[in-house]
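Asker: Shown below is the structure under consideration.
The values are calculated or read from the model by the stated rules, or taken from the named source; none is laboratory data. Everything numeric here is computed off the predicted structure, so don't read it as measured data. With ideal geometry, Cβ positions are generated from the backbone for all residues, glycine too; neighbour counts draw on all protein chains shown. Please note that ligands, DNA and RNA were not included when accessible areas were found on the heavy atoms of the full protein model with its side chains. Shrake-Rupley method; radii C 1.70, N 1.55, O 1.52, S 1.80 Å.
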Amino acid sequence: MDSEDDMHDANDIESLDDDFYSGETEDAPMDYYSDYDDVADDYFEDADDSDRIESRRPEQNFTILRELDIRQRQEDDITRVSTVLSIPRVSASILLRHYNWSVSKVHDAWFADEEQVRKTVGLLDKPVFQNSNARELTCGICFEMYPRSRVKSAACGHPYCHLCWAGYIGTSINDGPGCLVLRCPDPTCGAAVGQDMINLLASHEDKEKYDRYLLRSYIEDNKKTKWCPAPGCEYAVTFDAGSGNYDVSCLCSYGFCWNCTEEAHRPVDCGTVSKWILKNSAESENMNWILANSKPCPKCKRPIEKNQGCMHMTCTPPCKFEFCWLCLGAWSDHGERTGGFYACNRYEAAKQEGVYDETERRREMAKNSLERYTHYYERWASNQSSRQKALADLHQMQTVHIEKLSDTQCQPESQLKFITEAWLQIVECRRVLKWTYAYGYYLPEHEHAKKQFFEYLQGEAESGLERLHQCAEKELQLFLNADGPSREFNDFRTKLAGLTSVTRNYFENLVRALENGLSDVDSNGAASSKATSSKNAAGSSKGRGGRGKTTIRTSISSRMTDDNHWSCEHCTYANVRSATTCQMCNQQRR
């Protein structure tokens, strides 16, 4: 029998769900759903105008950089510093590397204390070593005499022959990116060795390596840019801070989180994702399985799994100890008087009396924990595999099926964009749904109201996604296999476009709720003030009009219908008047 408080909490959640999906708030009503015929028109009535489709997507707060873009930006920054500070480009490059390619930091430091900056980075005003005017100079490494034409010096003036310079530079480059801060070979000298010396003295292979290190430095040392973490991808991303959304979609089609560089995981925070990934890869679940499904031999303590019905266990050689699976006692003490070979009365009696030892309690806890983890992991993994399949289907659709469908249905490819949009929505929704299971796993068990509300939102979104996925996968196949144009294709277009719109709205609501921490429900199970005011408003409507919570949904539905259509109260799809069940969700007309 539920308590009065439990019934009150459930009513709060039910009312909150209706308010949430109807879009009604204390500030202003929001109509999330529109007539699906109009939605379909957005896709194909003016298919050449891509602004309508683009307007549905959030404003992009990142820029994808190709290698040419990176080099151009790098050159522009070097030119800017060189021009403002009136220094050579090589010196400007050394300054920018030291200050992590931040032009503003270079300017601030230079104008604050030019002398200190020069000393720090190794840009000397004048040589510290004066060479004689002799025709030959002694190399400071091999101590051989060479003509002046075969001796080079950095800004410090220390002379070294070409061969020693080439060996010194080559060794530094082969050691890694540290060659970008190369200094004079003299241990007491801090003069910087610039790219001009590298280009003059290094081998062709070493120059290519140095150039690659310099290019990567511009991305890896700059806090505003990162490489795409996808294997084999050479694109970089620059991110504009200020938005709460850290999801980035690279040109290679890989999506990742700018903040933690893991796979894109909105609306789940980076901390939760980090814990979930660690849990999936850790050995803790193996130990939980061993603890939940095996028992230690009472003699040698090796874990044993029971794979037959008999309670008579025999440990493997060389132990060979025989014991009872139930009570772990020696089998020699068991006989007919203790319940025979398939039960142990002593254990059963202890169990009825509540006498559990610590090992048994730990085993039971591990089993429950493993079952709970398995529940969420299986669904997380299933949506991951479904997303991978959807990505493959999307690629197949874009490269093969769209052209085939255009020929079969005698329609231009520009009017079939609604199919691609549906598959893009499926891929995105699978990603979001996958991470909601990680969110659900870490949702505190004692917050029953939040958990109930979360599972309702998740269930509604998943139900909408399954309808969309089935329509795009199964029903579309009928038209792909058709020999000629079909009269039902326009109805299919309307249905698929409508399902895409509804599914998008479901997931937008789910994402919004999770990003707000399910703040519409407090930890005690009561609705928040905003949701409560909406609920009270609905209650007032019930007192005046006698229809209660359905007033909000009905008022929205009434705006969506006309003389030839009726709106489903479950999914708000605008069905033709003659239909007795909803074409979207198969709910009976009321």
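Asker: If one computes the Cα centroid of the stretch 368-432 and of the stretch 90-148, what distance in Å separates the two points?
Answerer: The two parts, judged by their Cα centres, are 57 Å apart.
Asker: Tally Lys/Arg at +1 and Asp/Glu at -1 over every other residue whose Cβ is under 11 Å from the Cβ of LEU200; what's the total?
Answerer: Net local charge, LEU200 excluded: +1.
Asker: Looking at the stretch 378-483, which GluC sites (Glu not before Pro) are in a loop (DSSP not H, G, I, E or B) and have at most 12 other Cβ atoms within 10 Å?
Answerer: Taking the stretch 378-483 and a limit of 12 other Cβ atoms within 10 Å, the loop GluC sites (Glu not before Pro) found are GLU445.
Asker: Further question on the same structure: Check each of the trypsin sites (Lys or Arg not before Pro) in the stretch 126-214 and keep only those in coil by DSSP with at most 14 other C-beta atoms within 10 angstrom; list them in order.
Answerer: ARG135
Asker: In whole percent, how big is the carbon plus sulfur part of the accessible area of the stretch 101-212, probe 1.4 Å, protein atoms only?
Answerer: That fraction is 51 percent.
Asker: Determine the dipole magnitude for the stretch 159-241: charges of +1 sit on the beta-carbon of Lys and Arg, -1 on that of Asp and Glu, nothing else is charged, the reference point is the Cα centre, and the result goes in debye to the nearest 20.
Answerer: The dipole of the stretch 159-241 has a size of about 200 debye.
Asker: Carbon and sulfur: what percent of the stretch 415-485's accessible surface (1.4 Å probe)?
Answerer: Of all accessible area on the stretch 415-485, carbon and sulfur atoms account for 49 percent.
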